[in-house]
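Down below is the structure, laid out as structure tokens.
The values are calculated or read from the model by the stated rules, or taken from the named source; none is laboratory data. From a predicted model like this one, the values you see are computed outputs, not experimental measurements. Counting neighbours? That spans all protein chains shown, and the Cβs are built from the backbone with ideal geometry, glycine included. We work out accessible area using only protein heavy atoms, side chains counted, and drop any ligands, DNA or RNA first. Shrake-Rupley method; radii C 1.70, N 1.55, O 1.52, S 1.80 Å.
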Amino acid sequence: MPQPPRTIRLTMAQALVRHLASQFIEIEGVRQRLCGGGFGIFGHGNVICLGEALHEFRKELPLWRGQNEQSMALAAVAYAKQKLRRRFMFATASAGPGTTNMVTAAAVAHTNRLPILFLCGDTYVTRLPDPVLQQVEHFGDPTLSVNDTFKSVCRYWDRITHPAQIIQSLPRAIATMLDPADCGPVFLGLPQDVQGWSYDYPIAFFEERTHHIRRQSPDALEVKAAADLLRAAHKPIIIAGGGVQYSGATEDLVAFAERHNIPVVETIAGRANLLHGHPLNIGPIGVTGSNSANAIAADADCVLAAGTRLQDFTTGSWTAFHRDAKIITINVGRHDATKHMATAVVGDAKLSLQQLTENLGSHRAPQAWAGFADQERRAWDGYVDRNTSPTTEEGRNRPMSYAQVIGAINGLCHPRDRVVAAAGGLPAEVAANWRTLSPGTVDVEFGYSCMGYEIAGGWGARIAQMESEPERQTIVFTGDGSYLMMNSDIYSSVLSGRKLIIIVCDNGGFAVINKLQNNTGNVSFNNLIADCNIEGEPFAVDFATHARTMGASAEDVHSIAELKEAFARAQAAKKTYVICLKVDAFDGWTQEGHTWWEMGTPSVSKRPEVLKAHEDVEARRRERQRQGV
């Protein structure tokens, strides 16, 4: 007679945590726990049952207490990005507002194709105590809860209504986070009663398992079609996105570009694929790009887009390329590979580049084309020299600019220090002016462009960095707007001993949106503090004092020379160090390097300036925009 499977009786929450702690992954020959731990804010919906289970495994799955649910989930997202999607963290919150606070972070993860596991309390399956604390009742559908909100921003969603259900659901959630094509946030709703219900789980469910990231080989016919287009091209370029890094294909990208003499441009997510000084690194492309990259993109007859979802800031709302240019995509995700009727190579970037170079053989793009690209690169490099220097004509006799601040830090940091920025004016300025010193060291969150990601993401990135490069620094660039929106993880970083260096650039409000407002013919309104509905005179926040109240060291600086001295002190400091400075809201923006960007503009207005801006937008669209091809 066959023997029944060996079982162990556990609550659903205990089984979930035990299974999670039993999952491993091998990274560069080193076996590590797949889940790096998690972030949690406990409430009545998760503290009693899930909290009890997490406490038992607090060494295997370290739990970091957040100060804000959204920010702690953003920290988990940044952790996964620093780990190149090979490891993930969970975020847990109680039922109600704690959970809905994390919807924005789920959207950040979904947009950027990054893994995070949400473990959130839910209402009672039995419904006997209904309506319960923090329950939002839906009169026509009692099965709905606020947790259903996550369905639009998660790759996998489930509500655990029976303890046995996690035997199927949890492995599927993990598989989604590890799938190169489907990678993204996953959500498990944990009803408060079911968390504590018990079940006889098979012992096999808790046996250790070592995972690996699948490498999908491309189809031979798709590779051949791409190679034929490249072979026929006279002016090819490569757009390198963040997927190149997730594939571990940066060296393959460099080898491919060098062998076939093809210039490379980078997306925002793809910054730090190539080193700054490489002769085929022609710079960042698009709305927040460079004159050099945009010049060769406009003239290219063939565009190979590797590991990018071709967001509008990359494509200039599809005006960055000649209308007749052929588009080739390499992407492990079919959805991203088949955009704009491209010749798609659906497969892992590393394997696809290797097979494509085998098919191309010794073929090289014309040297005249590479020479033109290098000429443009050198001209842009000279512009960045002038733009970031406070001693040149562009930099003299004006307030500090973003570019000067970025240039100063760039010149003093270690090549392996990690840079984090997001939203507002800083992503464009970092993308245009930062010179990559080492691959994979730049995290500019501009997929969802989430204000508040900066400091929270810095904390998560530092937690990840401490596991492999504790001697290096995590440097956060943030504006006053983002700082005011979400700053509590300064306190988290000090409490946890995960030091950050934070550069706060205060321009008196949401200056980049004010700039957009003015550039489209509108008057300044509700962006700069001075232009808001206020009583009395506007005043600035004392950010340095505020940061010190959260345990950080902090100081104000008033010149680039003072900034450099303060940064040296920050590098030597043992805890989080915040450097605060003023930048001009109107003068000092990087003026070069921008492609056109489509914006919705009023077709009827009392202001002639608004109507003129509308006409300009419509004319540019008619002149340059590729319409779905």
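General remarks:
- Segments classed as strands (runs of 3 or more DSSP E), wholly inside the range 461-571, with at least 1 members that are farther than 30 Å from E615 by Cα, open to solvent by less than 10 Å² (accessible area, probe 1.4 Å) and touching a residue at least 40 places away in the same chain (Cβ under 8 Å): 474-479, 501-506
- Criterion applied to T210, T176, T149 was being within 30 Å of T7 (Cβ to Cβ), open to solvent by 50 Å² or more (accessible area, probe 1.4 Å) and of a type outside the set (K, R), and the one residue passing it is T210.
- Complete set of residues in the range 331-384 that are in contact (Cβ under 8 Å) with a residue 12 or more places away in the chain, farther than 25 Å from A431 by Cβ, part of a helix (DSSP H, G or I) and open to solvent by 20 Å² or more (accessible area, probe 1.4 Å): R334, M341, L351, Q354, Q355, T357, N359, Q367
- The residues listed here are A240, A269; of these, the one that is within 28 Å of P180 (Cα to Cα), out of contact with any strand residue (DSSP E or B) (no Cβ under 7 Å at 6 or more places or on another chain) and crowded, with 24+ Cβ neighbours inside 10 Å is A269.
Let's see how each residue does on (1) in a helix (DSSP H, G or I); (2) open to solvent by less than 60 Å² (accessible area, probe 1.4 Å); (3) β-branched (V, I, T); (4) under 18 Å from D312 (Cα atoms):
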site	(1), (2), (3), (4)
H234	no, no, no, no
V244	yes, yes, yes, no
V254	yes, yes, yes, no
V265	no, yes, yes, yes
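Rundown of residues vs (1) of a type outside the set (S, T, Y); (2) more than 28 Å from I268 (Cβ to Cβ), yes/no style:
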{"position": "H44", "(1), (2)": "yes, yes"}
{"position": "A53", "(1), (2)": "yes, yes"}
{"position": "E60", "(1), (2)": "yes, yes"}
{"position": "N68", "(1), (2)": "yes, no"}
{"position": "T104", "(1), (2)": "no, no"}
{"position": "L117", "(1), (2)": "yes, no"}
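- All positions within the range 406-448 that are open to solvent by 10 Å² or more (accessible area, probe 1.4 Å), part of a loop (DSSP other than H, G, I, E, B) and out of contact with any Phe, Trp or Tyr (no Cβ under 9 Å at 6 or more places or on another chain): H414, P415, R416, W434, R435, L437, S438, P439, G440, G447, Y448
- Any hit, the range 298-321, residues being in a strand (DSSP E or B) and of a type in the set (D, E, K, R): no
- Just so you know, in the range 580-592 the residues that are out of contact with any Phe, Trp or Tyr (no Cβ under 7 Å at 6 or more places or on another chain) and open to solvent by 70 Å² or more (accessible area, probe 1.4 Å) include one that is modelled with the lowest pLDDT, and it is D587.
- Given (1) part of a helix (DSSP H, G or I); (2) open to solvent by 10 Å² or more (accessible area, probe 1.4 Å); (3) in contact with a helix residue (DSSP H, G or I) (Cβ under 8 Å, 6 or more places away or on another chain), index of the condition Q195 fails: (2)
- Contacts under 9 angstrom Cβ, first residue in the range 316-329 being in contact (Cβ under 8 Å) with a residue 60 or more places away in the chain, partner open to solvent by 30 Å² or more (accessible area, probe 1.4 Å) and in a strand (DSSP E or B), 6 or more apart: K326/T343; I328/T343
- Condition met for N522 (out of contact with any helix residue (DSSP H, G or I) (no Cβ under 8 Å at 6 or more places or on another chain) and at pLDDT 95 or above): no
- Among the residues of the range 159-173, those that are open to solvent by 30 Å² or more (accessible area, probe 1.4 Å) and either under 28 Å from G447 (Cβ atoms) or in a loop (DSSP other than H, G, I, E, B) (or both) comprise R159, T161, H162, P171, R172.
- A single member of T576, T595, T601 is hydroxyl-bearing (S, T, Y), under 29 Å from R377 (Cβ atoms) and surrounded by 15 or more Cβ atoms within 10 Å (Cβ to Cβ), and it is T595.
- Top-ranked residue in the range 50-82 [being charged (D, E, K, R) and surrounded by fewer than 22 Cβ atoms within 10 Å (Cβ to Cβ); ranked as farthest from H19 (Cα to Cα)]: R65
- Cβ-Cβ contacts under 9 Å between residues 6 or more apart (or on different chains), taken from a first residue in the range 102-114 that is at positive phi to a second residue that is among the aromatic types (F, W, Y) and at pLDDT 95 or above, are listed as R113/Y246.
- Considering (1) in contact (Cβ under 8 Å) with a residue 24 or more places away in the chain; (2) in a loop (DSSP other than H, G, I, E, B); (3) among the polar types (S, T, N, Q), the lone condition that N387 does not fulfil carries the number (2).
- The number of residues in the range 338-380 being among the aliphatic types (A, V, I, L, M) and within 19 Å of D301 (Cα to Cα) comes to 10.
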